[in-house]
Amino acid sequence: MNRLDKGGRARFGAMLLTLWLGIGVVGCNSLLDVDNPNNVIGDDILIPSAAQALANGALYEVSAGYTYTLMCYSQVSDETHWVGSRDAFQQLDYGHIEYHLNEFTDQAYKDLAPGRWMADKAIGILEGHLAEDSLPDEQSLGEAYMWGALAYVTIADMFDDFTFSDMMVPQPAIGPANMGGLYTTAIGYLTSGLALDVNDETVRNLTAMRAEARHAQGVWNLIGQRPITTGLISAADAAAAATDAAAALALDPSDWTYYLEYPSSGTYGDFQGDVNSRLEHRFGNRYIIPEAGDKRRDRTAPNRGIRLMDPVDNVADMRLDAIMTPFEDGVQYSDLPILSAREMHLILAEDAMVRGDMADFLTHINQPRAWGGLNDWTAASGVSQEDILIHERQVNLFIQGKRLNDMYRFGIESDQWEASSTAHSAPGTFFPITMAEIDANCYINPNWPADVSCPPGG
């Protein structure tokens, strides 16, 4: 099953969940063909011929965790606005991000943690096959590294703390101070993937993902510990990210975007469904003009309901429409963009700004504008360098898990945040370890019975 088509989209189906559980990957007739159904993972996914199914399973699980976590993250930022009936979404919309009892962040944790575990498990098994020279195709391991890196970057970007338990074996929380190290793990995975024999598109994607991870680590170095530091990332972090961004563009200089795809035969897109079907939230007030019922964007309004103006041309920035329309039209099965050439240019623009290289800045800040049919930014445009960088990231990286981090580091607040919220009063706050994990993990449960021993771990 080729999941990397010419459109650059990660394809997967509902059958992948059964594949990672081992059903059908070794030709057995049913689960009853094994001595103990609970041994399916150990008996089946260790077989080299199951390598691609294992990588597909990691993709399935990480994608499910990503959409749910992105939904909660975007709700705290100004990208989406609560319009439904679920008060826990209202809590996030108002900037109260720290509550471990929030039902939606709790579900996000429960979805993303298995995705991280599945990616690590797939990587470990496939690395073993590679070491034994029994891996049928290195492409499967390269993809597993990609999904593992996506899981680690998402966790580091969106959580203040996390546990890395191994199924029923608990582990202590790693601690907020150690969350930045998750980017190092992701970068290591991506570097290992680039050493493999994988197809050209995967090389591009691994390189671009490493640029994104290095840039995100630079942002975390500003806002990962409180009190936060505002502004641009450091020269060292910017240079490291820029090296990979330039390499990704050298591999493919076109206006490409890489998506996670959520087809009707695959996992449900929770974020997409809640915006487009369940109508629990819509795009934020800064971005759109809503319909009269306040549930959706008014695509019959001028500029198809796009409110956010380009600060140079003083027109509605229709690059948002190019992201919003396929998201809306796909309902719960729309694609989610995770990497793009435009993001690579913006990483290079920030590096140029840090270095004080105006000519290089102009090249990279204006390429996404040219692709969007807008005039170039210049120093005479009446818009500062920082403001145009903020705007270009806001538009080109819309609903891609970057906005809240940028809001924190550039001192931007949502129009929905309450003065009492942690997003307002303690910028840099992200999601906590949530109740489901606290209840189940003896290392972090303050009410764990004193007479009940903690299973081995830690």
Would a scan of the range 213-232 turn up a residue that is in contact with a Leu (Cβ under 7 Å, 6 or more places away or on another chain), assigned to a helix (DSSP H, G or I) and either of a type in the set (Gly, Ala, Ser) or touching a residue at least 24 places away in the same chain (Cβ under 8 Å) (or both)?
yes
The range 432-450 residues that are free of Cβ contacts under 8 Å to residues at least 40 places away in the same chain, paired with ones that are of a type in the set (A, V, I, L, M, F, W, C) (beta carbon under 6 Å, 6 or more apart):
Asn445/Ile438; Trp448/Cys442
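Among the residues of the range 328-348, count how many are assigned to a helix (DSSP H, G or I), surrounded by fewer than 21 Cβ atoms within 10 Å (Cβ to Cβ) and touching a residue at least 12 places away in the same chain (Cβ under 8 Å).
Quick first cut of the range 328-348, residues assigned to a helix (DSSP H, G or I) only: 328-329, 331-333, 341-348.
Okay, now just the ones that are also surrounded by fewer than 21 Cβ atoms within 10 Å (Cβ to Cβ), so 328-329, 331-333.
Subsequent filtering for residues that are touching a residue at least 12 places away in the same chain (Cβ under 8 Å) retains 328, 331-333.
Residues flagged as assigned to a helix (DSSP H, G or I), surrounded by fewer than 21 Cβ atoms within 10 Å (Cβ to Cβ) and touching a residue at least 12 places away in the same chain (Cβ under 8 Å) within the range 328-348 amount to 4.
Condition check ((1) among the aliphatic types (A, V, I, L, M); (2) farther than 19 Å from Tyr73 by Cβ) across all residues:
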site: Glu98; (1), (2): no, no
site: Asp106; (1), (2): no, no
site: Lys110; (1), (2): no, no
site: Glu127; (1), (2): no, yes
site: Ala131; (1), (2): yes, yes
Hey, among the residues in the range 304-314 that are touching a strand residue (DSSP E or B) at 6+ places or on another chain (Cβ under 8 Å) and in contact (Cβ under 8 Å) with a residue 40 or more places away in the chain, which one's nearest to Leu374 (Cα to Cα)?
Asp310
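Here are some residues: Ser265, Ser254. Which one is surrounded by fewer than 22 Cβ atoms within 10 Å (Cβ to Cβ) and either modelled with pLDDT under 95 or among the aromatic types (Phe, Trp, Tyr) (or both)? So that I can check it myself, show each step before the final result.
Values: Ser254 fails: either modelled with pLDDT under 95 or among the aromatic types (Phe, Trp, Tyr) (or both).
Step by step, each of Ser265, Ser254 is checked, and only Ser265 is surrounded by fewer than 22 Cβ atoms within 10 Å (Cβ to Cβ) and either modelled with pLDDT under 95 or among the aromatic types (Phe, Trp, Tyr) (or both).
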Anything in the range 199-232 that is farther than 20 Å from Ser340 by Cα, more than 17 Å from the chain's Cα centre (by Cα), at pLDDT 95 or above and not small (Gly, Ala, Ser)? List them, or say none.
Asn221, Leu222, Ile223, Ile228, Thr229, Thr230, Leu232
Consider Ala379 carefully, then state whether it is touching a Leu at 6+ places or on another chain (Cβ under 9 Å) and buried (at least 23 other Cβ atoms within 10 Å of the Cβ).
no
Going through (1) within 30 Å of Met309 (Cα to Cα); (2) under 22 Å from the mean Cα position of the chain (by Cα); (3) outside any loop (DSSP other than H, G, I, E, B) one by one, Ile388 fails only at (2)
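Please enumerate the residues belonging to the range 240-261 that are in a helix (DSSP H, G or I) and touching an Asp or Glu at 6+ places or on another chain (Cβ under 6 Å).
Once the filter is applied, which keeps residues that are in a helix (DSSP H, G or I) and touching an Asp or Glu at 6+ places or on another chain (Cβ under 6 Å), the range 240-261 yields only Ala242.
The values are calculated or read from the model by the stated rules, or taken from the named source; none is laboratory data. Bear in mind the structure is a predicted one, so any value in this text is a computation, not a measurement. Quick reminder, even Gly has a Cβ in these numbers, built from the backbone with ideal geometry, and neighbours come from all protein chains shown.
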